[in-house]
């Protein structure tokens, strides 16, 4: 094949002298890689050639193509970057050097080394991603080369061992495909997603391929009829338009199947395996075409999006509508101009198409505004892993677009709140926020913003500072890592003694709520790798660790099942075994109501098998026949467990209604309820709930304490927890 295929692709948009420069780079790379072979068995030169072909499909500039052909020369051929600069110039050398430095470590080290080095490797991965994303700010073309490099590696992944296939595919799905999406390069995004999906979930991948191949002929016949009808209608309206069918890709169909499964539907209910795309010459023609479509077929409510008036951050523009075509079949139709289509396929890479011709792409800076923001966060965030969290939560997920009162557009991740908006506008505004209005109406700070909302932040004039509650994920005040980091930074600046005291108060309150003895504080600290209890208090004080995280950690001890040895009775000739002998009859004690996350112990009864108690249960502590006590542990189970809680509050109308409504919203069942009025105008509400584990109970108690006039909410029962294993353990009873 040689250079001829690449020449064929680039001669449509590059002048002859530029093509000659690319050919010179090809010949240089061919000589440098002579005799080298890839693990797939093909000549090594095939890899840089395929990378260059991918960039040629994006119509990238000459320097990008030359750098793509040379990107492996320094590392694999021993030719220094200075030699490339002398031959091809500083711009190409900089791109090659940048790409070489972005060669990442494996996503997961193989074998036993992975288990020993997991923490270190995670930090290295985070740091590598950080370097790659920051390098984008210097020259996006480095990342285009890296994406094209990853695409060809994914196409030849069969040559690698299965373990490496999985690690590379996982990295592709978690980093590279979302990055291509954020850059708006749809042409690369869908290929990376489909290839990664093939290796990560091969059974589902081949299942969808089979379903598509068996149903697509019928779908294509239907689409051909629709295209014919639309062409006739556009011609009748005097509108020049190109109508084409667009196949949905395998991973996107998998995502749709997941959504349909949640609604009780199956693959046969997906009518839009294919969609229609309408390409026109101008924006005015887009809206004219939309009118023709809606006049012809009934549009479905809430299925219309105008991304022309409100473009996505990556520059994507189009009209999306779903109509009921021919009475019963839903059909997605996208309408855009030819220029919008080019940008939709190639994203910000399309900028270099105009740059090659020395034309100014005036919207380029707007489309990479999020990247400039990324660089700003890079300077502020203290560690690589915090940066990685920020990227994944604030950059790589779906966005919502909201407005300031002055009409400025702000893009935020889906699920963002007014507090996230305030911190996005300015850190000081977030710190001083006391309330918010959305579309002119007061809303709680945990309100989830929607596309088109107009957000107004109410703030104090003086310095107020954030609330520690804002960091509690249960309460849902902030979504973005950017806002969380700003809040943590504020508390970190406070005096250590203040954070230490506040952290102690928060921990002791959480332990009392969950029925954990205060003597277990040091063991809990060790669960979080803190040898110093004071340091642990400080971390809680400034929000680095939340009380809900503590409850989750306690529950996580019980997540991995293991064989449990039963201690034989000291004065008995028989030995009770659990591993390999089937189920042993057990039941939960009614005196102390243990739930997963509690430390437990078994008591061998004379006729009912083993009764499971909390270890500090009064009846266990004062048991005379100690030889009947056996060791038991939680196993994996989806069962629900009864637990009693007490809610103290100032008496008011509707209190019980508010409590029971919140419990129902958390999908927790109430088994019994009673209320006692006290002499001091307070009430004590006693509830018996069915809960799955300590984490769910903790989340519920925090939310109940947020109800108006509630003083406290805590667990009650016979005793309190006395033993916490500082090493993660396991959660059904064995």
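The values are calculated or read from the model by the stated rules, or taken from the named source; none is laboratory data. All figures in this text were calculated on a predicted structure; none of them were measured in a lab. Positions of Cβ are backbone-derived with ideal geometry, glycine not excepted, and every protein chain shown enters the neighbour counts.
Points worth noting:
- Among the residues listed as 136, 132, the single one being surrounded by 18 or more Cβ atoms within 10 Å (Cβ to Cβ), modelled with pLDDT under 90, over 20 Å from residue 252 (Cα atoms) and out of contact with any helix residue (DSSP H, G or I) (no Cβ under 6 Å at 6 or more places or on another chain): 132
- Within the range 685-712, the residues that satisfy the criterion of being part of a loop (DSSP other than H, G, I, E, B) and over 13 Å from residue 667 (Cβ atoms) are 693, 706, 707, 708, 709.
- Wholly enclosed strands (runs of 3 or more DSSP E) of the range 345-460 bearing at least 3 residues more than 22 Å from residue 185 (Cβ to Cβ) and modelled with pLDDT of 90 or more: 433-438, 441-443, 455-459
- On the stretch given as the range 654-684, residues that are assigned to a loop (DSSP other than H, G, I, E, B) and over 24 Å from residue 475 (Cα atoms) total 4.
- Whichever residue in the range 260-278 is part of a strand (DSSP E or B) and at pLDDT below 95 and, among such residues, is surrounded by the most Cβ atoms within 10 Å (Cβ to Cβ): 276
- For the range 524-536, filtered to residues that are under 31 Å from the mean Cα position of the chain (by Cα) and part of a helix (DSSP H, G or I), the residue that is nearest to residue 615 (Cα to Cα) is 524.
- Listed by first and then second residue, the pairs linking a residue in the range 524-539 that is closer than 16 Å to residue 511 by Cα to a residue that is modelled with pLDDT under 85 and assigned to a loop (DSSP other than H, G, I, E, B), with Cβ atoms under 7 Å apart and 6 or more places separating them unless they lie on different chains, are 524/724; 526/726; 527/726; 528/545; 536/528; 536/530.
- Exclusive hit being over 18 Å from the mean Cα position of the chain (by Cα), under 23 Å from residue 143 (Cβ atoms) and part of a helix (DSSP H, G or I), set 199, 176: 199
- Scan of the range 240-259 for residues that are touching a strand residue (DSSP E or B) at 6+ places or on another chain (Cβ under 9 Å) and surrounded by fewer than 17 Cβ atoms within 10 Å (Cβ to Cβ), ordered by number: 240, 242, 244, 245, 246, 247
- Some residue of the range 161-170 being within 30 Å of residue 93 (Cβ to Cβ) and part of a helix (DSSP H, G or I): yes
Table: residues versus (1) in contact with a helix residue (DSSP H, G or I) (Cβ under 6 Å, 6 or more places away or on another chain); (2) closer than 25 Å to residue 189 by Cβ; (3) part of a helix (DSSP H, G or I); (4) at pLDDT 95 or above.
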residue: 29; (1), (2), (3), (4): yes, no, yes, no
residue: 41; (1), (2), (3), (4): no, no, no, no
residue: 48; (1), (2), (3), (4): yes, yes, yes, no
residue: 56; (1), (2), (3), (4): yes, yes, yes, no
residue: 60; (1), (2), (3), (4): yes, yes, no, no
residue: 63; (1), (2), (3), (4): yes, yes, yes, no
residue: 75; (1), (2), (3), (4): yes, no, yes, no
residue: 79; (1), (2), (3), (4): yes, no, no, no
residue: 84; (1), (2), (3), (4): yes, no, yes, no
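Conditions (1) out of contact with any helix residue (DSSP H, G or I) (no Cβ under 8 Å at 6 or more places or on another chain); (2) buried (at least 21 other Cβ atoms within 10 Å of the Cβ); (3) modelled with pLDDT of 80 or more, marked per residue:
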site	(1), (2), (3)
606	yes, no, no
646	yes, no, yes
656	yes, no, yes
683	no, no, yes
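- Restricting the range 445-461 to residues that are out of contact with any strand residue (DSSP E or B) (no Cβ under 8 Å at 6 or more places or on another chain) and surrounded by 14 or more Cβ atoms within 10 Å (Cβ to Cβ), the residue that is nearest to residue 307 (Cα to Cα): 448
- Qualifying residue in the range 94-117 (condition: in a loop (DSSP other than H, G, I, E, B), modelled with pLDDT of 90 or more and either touching a helix residue (DSSP H, G or I) at 6+ places or on another chain (Cβ under 9 Å) or surrounded by 21 or more Cβ atoms within 10 Å (Cβ to Cβ) (or both)): no
- Qualifying residue in the range 485-497 (condition: within 19 Å of residue 550 (Cβ to Cβ), crowded, with 22+ Cβ neighbours inside 10 Å and under 20 Å from the mean Cα position of the chain (by Cα)): no
- Of all the criteria given as (1) in contact with a helix residue (DSSP H, G or I) (Cβ under 8 Å, 6 or more places away or on another chain); (2) surrounded by fewer than 24 Cβ atoms within 10 Å (Cβ to Cβ); (3) at pLDDT 85 or above, the one not satisfied by residue 192 is (2).
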